[in-house]
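What follows is a set of notes on a single structure, which appears directly below.
The values are calculated or read from the model by the stated rules, or taken from the named source; none is laboratory data. Keep in mind that this is a model prediction, so the values were computed, not measured. So basically every Cβ, Gly included, is an ideal-geometry build from the backbone, and we count neighbours across all protein chains shown. For accessibility, only protein heavy atoms count, side chains too; no ligands or nucleic acids. Shrake-Rupley method; radii C 1.70, N 1.55, O 1.52, S 1.80 Å.
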Amino acid sequence: MSEILEQFQLAVIQGDSDRSAEMAEAIIAEGKATPDEIFDFLAEAMEVVGSRYETGEYFIPEMLRSAESVEKAMGILEPYMFERRHDQTGVIVMGTVKGDIHNIGKNIIVSALRASGYEVHDLGVNISTDKFINKVREVNADMLMLSAFTTSTKLALIDIIKSMEREGIRDHVKVISGGASHSEEFAREVGVDGFAKDVKSTLAVCRRLMDEKRA
Amino acid sequence: MNSRERVLAVLAGEIPDTVPIVPVVDGYYAPKVIGRANDECFLNGACMAEALAAAREKYKYDGVLAEMGLGTPPNVLGCPVEVEGNDVPLVVDTVIGGRADLEKLQVPDPWAGGKMEPVKQLVAAAGVDHFVLGSVRSPFEYAATVRGLIDFMTDFYRDPELVRDLVSACVPATLVVGKALVEAGVDAIVMKDSFVSTSMISPEHYLQFAWSAEVESIAVLKELAPVVLHVCRNSMPILTRMAETGAAVLEIDSPVDLVAARDAVGDKVVLKGNIDAAAVIEKGSVADVEQAVRLAMAAAKPGGRFILSTGDSIPVSAPEENVSALVEFGRKYGRY
């Protein structure tokens, strides 16, 4: 099985969408890989892609090529992974904040969360505070996940938190922010409950916050 | 020499009295000089012209940028733009979903709706004493905007022919806007090609998808006015090819070492830059501004062919004293 996962990993690093889809089908056919194993191989692949970007070997088109291969594979793997682990339940509202239209990372996270059993309502990009809050109320969300790729969206994040406090819903809804620019300090400054930079950390944060909610 | 003469001397390869100072003050920063919100000025060209003129008058630099946001309402080549509530106009939808949509591409009419009137207003305010630059997007930047940056860059591998055809289809838009700016009275055209920075795409992709359209556009526009080619962040790996486009001036950002840049391009083009707008002008102290200006002058002033500038737009939260310091120390260290 690890050979198939390694080939899957290589396809993602090389940004070969056809091959990543082929390997996703092979994973399903074998039927042995657990969702955790798949996410681990995926996380490692994206780390390699990230470090190649840092060293100047990859640029944004190459990163997008890899991200597309992940998206394609996740679309195939989602039902397989859902069957094997849907113990993580919860309702999540998600979107990219106002002033930001980056969506590729968000789309991958949406796939991963659905594959893990969450009910995810993806509002899209450039979403206003009101739209987020209205949707949170409508679906009685457990968590609000805010994608904010750049540091210039800090004000939008703070506005959402403050509005939730004014509306009296802040205590019932866990807020997670995510994006390449995020750090512990950034998360503390905007007042969210957790932050994440990739699939693995997103799932870990969601699991922790849902456990806190249930406790 | 007055400000305009100063810039013209540099463009002609002559030594001016002092290095011209033309920072990138545009719709991000200028509105606050007249106490207006950014979106207010982006929605109202006359307000923007007033703001840009007021900023130049306040800080006493040599040239003003007619960055009217010709991409602002109602659209950029057919793509809807959202302005209200934002610090900058945001293209919220795209018109090119695929090859079949190429025919939907609109060539703008820069004169429609009085859009050039604010440019003329700014030219009038600058008078004969100050230099006016007008800004236009490159064909590559237009193409990325109408396709959506993410899809556009994904197409580099997914459908490279579409990328080439789309960039080529956007050349008329760059030309028509550039020509209109000159007719409205600007002294030079700034061609913004921000997405070709090697902070975003490889030098190979720059050559493959963007460079030819730059050359084609600049060949036409430079017959009307000098062209400034603007690429933000790291442009060092592509600088020699940028110098071969026909642009008279290369506007470079802070990651580029000015000494290395001059070595790379010689004296065949003017270098404009490259004080860090964020780290120095926005977040630095007055002492940081002085040091940055002094070092830039030491690197690029000898022999002329240099215009002191920020590498990119001055952010709205930059302290007034830092913008003042940029000009003050530019004058102090810029004398020939």
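Convex hull over the Cα atoms of chain A, averaged projected area in nm²? Please list the in-between numbers first.
Numbers: hull surface 45.8 nm².
In nm², the orientation-averaged hull projection of chain A is 11.5.
Note every residue of the range B:137-154 with a reduction of at least 20 square angstrom in accessible area, all protein chains present versus the isolated chain, computed with a 1.4 Å probe, or write none.
Those residues are B:150, B:153, B:154.
For a quick check: with amide H placed at 1.01 Å from N, whose amide H comes under 5 Å from residue B:132's, ignoring anything fewer than 5 positions away on the same chain?
Sorted by chain and number, the residues that satisfy this are B:64, B:187, B:188.
Nearest 100 Å² is fine: what is the total accessible surface buried where chains A and B meet, probe 1.4 Å? Present the calculation step by step, with values, prior to reporting the outcome.
Details: alone 10550 and 12770 Å², together 21980 Å².
Interface area, both chains combined: 1300 Å², rounded to the nearest 100.
What are the extents of the Cα atoms of the range B:157-243 along their three principal axes, listed from largest to smallest and rounded to whole Å?
Computed over the Cα atoms, the extents are 40, 27, 16 Å.
Stretched out fully, how many nm does the piece from residue B:129 to residue B:117 gain, at 0.36 nm a residue minus the Cα gap? Please list the in-between numbers first.
Values: separation 12, 0.36 × 12 = 4.32 nm, distance 2.01 nm.
Result: 2.3 nm gained on full extension.
Once the dipole of the protein assembly as shown is set up with Lys and Arg at +1 and Asp and Glu at -1 on Cβ about the Cα centre, which of B:178, B:125, A:192 lies farthest towards its positive end?
B:125
Lysines near residue A:174 by alpha-carbon distance under 28 Å, same-chain residues fewer than 8 away left out - which ones?
Straight-distance partners of residue A:174: A:98, A:106, A:131, A:135, A:154, A:162, A:197, A:200, A:213.
Residues with amide H under 5 Å of residue A:121's amide H, sequence separation 5 or more or different chain, H placed in the peptide plane at 1.01 Å from N; which?
For residue A:121, whose amide H was placed from the backbone, the distant partners under 5 Å are A:92, A:93, A:94.
May I ask for the Kirkwood hydrodynamic radius of chain B, worked out over all distinct Cα pairs and given in angstroms to one decimal? Could you put the intermediate results ahead of the total?
On the way: mean 1/r = 0.0505 Å⁻¹.
In chain B this quantity evaluates to 19.8 Å.
Nearest 0.05, what FRET efficiency do residue B:336 and residue B:109 give at R0 = 56 Å with Cβ-Cβ as r? List each step's numbers first, then the result.
Numbers: r = 44 Å, r/R0 = 0.78.
For residue B:336 and residue B:109, the calculated efficiency is 0.80.
Hey, any idea what the orientation-averaged projected area of the convex hull of the range A:1-127's Cα atoms comes to, in nm²? All intermediate terms of the calculation are to be shown ahead of the outcome.
Details: hull surface 31.0 nm².
Over every viewing direction, the Cα hull of the range A:1-127 projects on average to 7.7 nm².
With a cut-off of 8 Å between alpha carbons and a minimum separation of six or more residues, what is the relative contact order of the range B:1-48 in percent?
Working: 30 pairs, mean separation 11.2, N = 48.
Relative contact order for the range B:1-48 comes out at 23 percent.
Write down the radius of gyration of the protein assembly as shown and its Dmax, each obtained from C-alpha positions, in Å.
Spelled out, the Cα radius of gyration and Dmax of the protein assembly as shown are 25.0, 79 Å.
Under a plain spin-label model, where a point goes 7 Å from the Cα along Cα-to-Cβ, how far apart in nm are residue A:34 and residue A:91?
Spacing of the two 7 Å Cα→Cβ label points: 3.1 nm.
For residue B:58 and residue A:123, what does the FRET efficiency come to when R0 = 30 Å and r is the distance between their Cβ atoms, rounded to the nearest 0.05? List each step's numbers first, then the result.
Working: r = 42 Å, r/R0 = 1.40.
Here the calculated transfer efficiency is 0.10.
Placing unit charges on C-beta atoms (Lys and Arg positive, Asp and Glu negative, everything else neutral), compute the dipole magnitude of chain A about its Cα centre in debye, rounded to 20.
So the dipole magnitude of chain A works out to roughly 860 debye.
Return a single number: how many Lys pairs in chain B, at a sequence separation of 8 or more or on separate chains, have alpha-carbon atoms below 17 angstrom apart.
13
Could you give each residue of the range A:31-47 its phi-based ³J(HN,Hα) in whole Hz, using Karplus coefficients 6.51, -1.76, 1.60 with θ = phi - 60°, and x for Gly or Pro?
Ordered by residue, 3J(HN,Hα) equals x, 10, 5, 8, x, 4, 5, 4, 5, 5, 5, 5, 4, 5, 4, 5, 5 Hz.
Using a Debye calculation, one point per C-alpha and no hydration shell, please list log10 I(q)/I(0) for the range B:89-244 at q = 0.11 Å⁻¹ in order.
One equal scatterer on each Cα of the range B:89-244 leads to -0.44.
Show the residues, 5+ positions off or on another chain, whose built amide H is closer than 5 Å to the amide H of residue A:196.
Amide H to amide H, under 5 Å and 5 or more residues apart or across chains, residue A:196 pairs with A:177, A:178, A:179.
Just want to confirm a number: the relative contact order over the range B:166-236, from Cα pairs under 8 angstrom separated by 6+ residues, in percent.
On the way: 68 pairs, mean separation 34.9, N = 71.
In percent, rounded to a whole number, it is 49.
Between rounded, prolate and oblate, where does the range A:157-215 land on the alpha carbon gyration tensor, with a ≥ b ≥ c its root eigenvalues, rounded for a/c under 1.5, else prolate if a/b exceeds b/c? Write down the numbers at each step before the final one.
Details: a/c = 2.53, a/b = 1.16, b/c = 2.17.
Oblate, since a/c reaches 1.5 and b/c is not below a/b.
Which whole-number percentage describes the relative contact order of chain A, with Cα contacts under 8 Å and a sequence gap of 6 or more? Please report the intermediate quantities before stating the final value.
Numbers: 352 pairs, mean separation 36.5, N = 215.
Dividing the mean separation by the residue count of chain A yields 17 percent.
For labels at residue B:164 and residue A:55 in the simple 7 Å Cα→Cβ model, what's the distance in nm?
Between residue B:164 and residue A:55, the simple spin-label model gives 3.1 nm.
Suppose all protein chains stay in the model; what accessible area per residue would a 1.4 Å probe give for the range A:19-143, in Å²?
For the range A:19-143, the per-residue accessible area is 43 Å².
Restricting the calculation to Cα positions, tell me the Rg (one decimal) and the Dmax (whole number) of the range A:117-181 in Å.
Looking at the range A:117-181, its Cα Rg and Dmax stand at 11.4, 32 Å.
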